[in-house]
Each structure stands twice: as C-alpha cells, then as structure tokens.
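What follows is one structure encoded as structure tokens, with my remarks underneath.
The values are calculated or read from the model by the stated rules, or taken from the named source; none is laboratory data. What you see is a predicted model, and the numbers here were worked out from it, not measured in a lab. Backbone-built Cβ (ideal geometry, glycine too); neighbour counts: all protein chains shown. We work out accessible area using only protein heavy atoms, side chains counted, and drop any ligands, DNA or RNA first. Shrake-Rupley method; radii C 1.70, N 1.55, O 1.52, S 1.80 Å.
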Amino acid sequence: MEVEGVEVAAAAQVEVGKRGWEGRASADWADEAKSSKKRRADNWQDTEVDGLVAAYRQIHVKLAVAGKRGKTVFGSAYEKWNETQQLLNRMGIERQAKEIERKWSNLYTGFKQILEWNKRLGNRSYWEVDEQTKKEKTKAKELPSTFRMELFDAMIEFLGDDSDPKLRPRDSPSSALPASPLYGGVDVPLPMDKLASHVPPFGTQERRPQLVLVATGNFNPPTYLHLRLFEIARDWLTCEGFDVLGGYMSPFHDAHNKKGLAPAEHRIKLCQLATSDSQFVMVDPWEAKQLMSQKIVQVLSRIDTAINGKIPGEERVKVMLLCGSDVLQWLSTPGAWVPQQTESICEDYGIICVTRDGSNTRKLIFENDFLYEHRRNILLVDEWIQNDISSTKIRHMVAQGLSVKYLTPDVVVKYIGLNHLYGHA
C-alpha cells in the first residue's frame, strides 16, 4: 500500500510538473507574442514613415485652414489619429492609431531637434555631423540617431520655415519641385496623341509662344463646364497671340477623401469619355494612380518635363494651370498651400483663370498681397455665357433619379448608370 502511495504521489508530481511546464510555455508564448507585437510597433519601414508624413500633412492642412476653429475639426485626439489611420489604410499601411500617434511624436521630436541644431551658428548640417559626435548627441537626447534627408525635406514643407537654406539638407532637392512622389511612385506615360496636330510645321516663319493647359480637380463627374474652360481659354489665348498645343485634365487622388468621391479608376474613365471627341484635350491619370496624393506643382512639373523632352525646339513649351476663380480664392487661403509651391505655380508656370465674376476676381487679386505680387502671371479670361453646371448638382440629381442629359456628355451619363455611381439605382 505504501508503494502504491509512493506511485500515486510520484504521478501527482509529474502531473503538477507537466501543468507547470505548460503554464510556463503558455506564458512564454504570450510574452513572445507581446514582444513581437512591440517590435513591429517600434519598427517602421521607410515607406510606412513616408506615408505617415503624407497623411499627417493632410491633417495639418485641415487644421490650418480652420485656423482658430481648429479645435472643432476633431472632437478629440482619438478622432484625429483615427482619421490619420484611415488615410494610411488607403495607402495599404496597416497600423493602429496608438502606434501612429507614438511614431509621429518620435518623428516630430527628431525633426525639431534637427531644426534647432541647424539653426545654431557654427553648426554643421545634421547630415554632415560625424558618427562619433552624432552618437554623443543622440545619447544626450539632442539629436536623433538617424533621419533621412528627404523625410526632413517633406516635413519642413508644412512644419517649418525653410526660407533659410541652412535649415535644409545640403544637396537635397527643392521642396517646390520634387522629382518624384515621397511615398512610392507609379510610372504612367503622358498621353500626347492630340499634341502632334497642333505643333507648328517645321520652317514656319512666325514663332508664336506655345502653351499647354492643365486643369486639376476631382472631376466627380466631369461636366460641360470643365470642358468649356479649355475652349474659352484656348480662344482667348489664340487671340492674344499664343499657340495652344493641347490640354490635360488631371483627376485628383482618392486621398482627397471628399464626401461622395467616386474611386479614381471611375473618374479617370469618365474624363477619358468626356474628352473622347475633343481635338486637343487629353487625360493625364498620373496623379490619380499614384500611391498617395500629389501636389499640383508636381503634376505641372511632370507634364512640363515630358512635353519639353519630346517636342524639339529652342523655346520651351510653357505649361499653365487652368482654373476657375475658386482656385484663386483657395490659393489666397492662409495655411492651405505651402508658400514655396504657390510661388512655383505662379512664377514657373503661370495661371489662366476663367471667371464669371471678373470684377470680384480682380478685386481678390488686388486685395491679396501674394496674388497681387504675381498678378502678371495670372491671366484672367471672362466667361461671357454664364454656365452654372457643377459636379455637385449633377451628383444630387443622379441620386434623386433625375435626368442629367445635356449637363455632361451622353457617354458620361451612360457610364454613371452602368456602374451605379453617385447613388444611381
């Protein structure tokens, strides 16, 4: 009996030991999973960080436009970081709001440290500091251990004053004319099939200044008013002695996140259908197909580079932004645009604005210091036949089951119906 008791006790010890091992194994697994999750939260890929900067820039602009009312844009910090998370999700970046908030805090701290360091007289640029000094400054929490040039360049566009060249990385590209999008890039050829017939024949005696017009917007959907802008501008420019080689509609990226915005693939197709019978207007899908939203100056720069690299001649073809008076009002809104980019749009490219309220638009330019300074590069064209068609009104009518025939091309109306866009039954 005593032997049997010993066996029972031994068996009990084995069972307790087994359970203890299983408990420790389970705890170790949980600790490992927790540790792995923390490692991922702390380790961000460069593309993820670039996406975060791009997403937060949109949040920053939203707050800047609201001004003193900025506190009412988001009801809480949770709402702000939740919207940032949604913007990242659209870029294919899966991160939790808390991770995003923590990463941005660390990123912003490093950015400010570099900014202050570069401001100090006698200091070399952060990117010229030797490794030993950088290690010491990092230990003293005066500088980050690493920070990419292009990342700092992107952040200073909307967080700091880069009017002082010393604050910028040496040999870094100009923020006004970035060569490529910060977060990834999708190569999309620029259509030029309608440019050829407008290039003056070789040997022509009279050399008129050559222009290409670029209109950007949601085009949600494109309307006859959008198409009329090109026709009105071309007529006026031709009378003024210019040769308009062509025009481009460049739909915005999905990241603009406007209520009721149809996916980019549909808006690109709608624009292509709307311009199918135009002799000179084409669609550039480049911005809409990128991994993140692009600045207007980037769109203009890409078209400028593509066209002037293709069309021979000593004189460059001038690319101009075509718009309505609402864009001028937007340009004059403090915080809505990066100053260096608005200057580039006005100085390097120029604006041709088709306006229905000529006197009010001229008053806007006169009363705004920035617009007045660049008034010679802002051409105003009066629209004599009033046209009040808008994409918003068309969407509302479609949603209510009303006819939109004669407000936009028939092929656009048909596509909207076939693809059940804008609440079409």
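Things worth noting here:
- Three-way shape label, the range 210-276, alpha-carbon gyration tensor, a/c 1.5: prolate
- Under the shape rule built on the C-alpha gyration tensor, where the axes satisfy a ≥ b ≥ c, the range 267-307 is oblate, since a/c reaches at least 1.5 while a/b does not exceed b/c.
- For Y224, net neighbour charge (Lys/Arg +1, Asp/Glu -1) across residues whose Cβ lies under 14 Å away: -2
- Annotation for the range 377-425: chymotrypsin sites (Phe, Trp or Tyr not before Pro) lying in DSSP loop with at most 15 further Cβ atoms inside 10 Å of their Cβ are W384, Y406.
- Across every direction, the projection of the convex hull enclosing the Cα atoms of the range 72-118 has a mean area of 4.2 nm².
- Other-chain or far-sequence residues with amide H under 5 Å of V319's (modelled H): V212
- The GluC sites (Glu not before Pro) of the range 204-275 that DSSP puts in a loop, and whose beta carbon has at most 13 other beta carbons within 10 Å, are E206, E240.
- Column: log10 I(q)/I(0), Debye, Cα scatterers of the range 354-425, q = 0.12 Å⁻¹: -0.54
- Taking Cα centre as origin and charging only the Cβ of basic (Lys, Arg, +1) and acidic (Asp, Glu, -1) residues, the dipole magnitude of the range 235-345 rounds to 480 debye.
- Cα gyration tensor shape for the range 242-352, rounded if a/c is under 1.5, else prolate or oblate: oblate
- Loop trypsin sites (Lys or Arg not before Pro), the range 320-412, which have at most 10 other Cβ atoms in a 10 Å radius of their Cβ (DSSP): none
- Residues with amide H under 5 Å from that of A262, placed H, sequence gap 5 or more: none
- Solvent accessible area, Å² - C323, 1.4 Å probe, full protein context: 10 Å²
- Among the listed pairs K98/K137; K269/K289; K103/K259; K62/K393; K98/K134; K98/K289, those whose Cα-Cα separation exceeds 18 Å are K98/K137; K103/K259; K62/K393; K98/K134; K98/K289.
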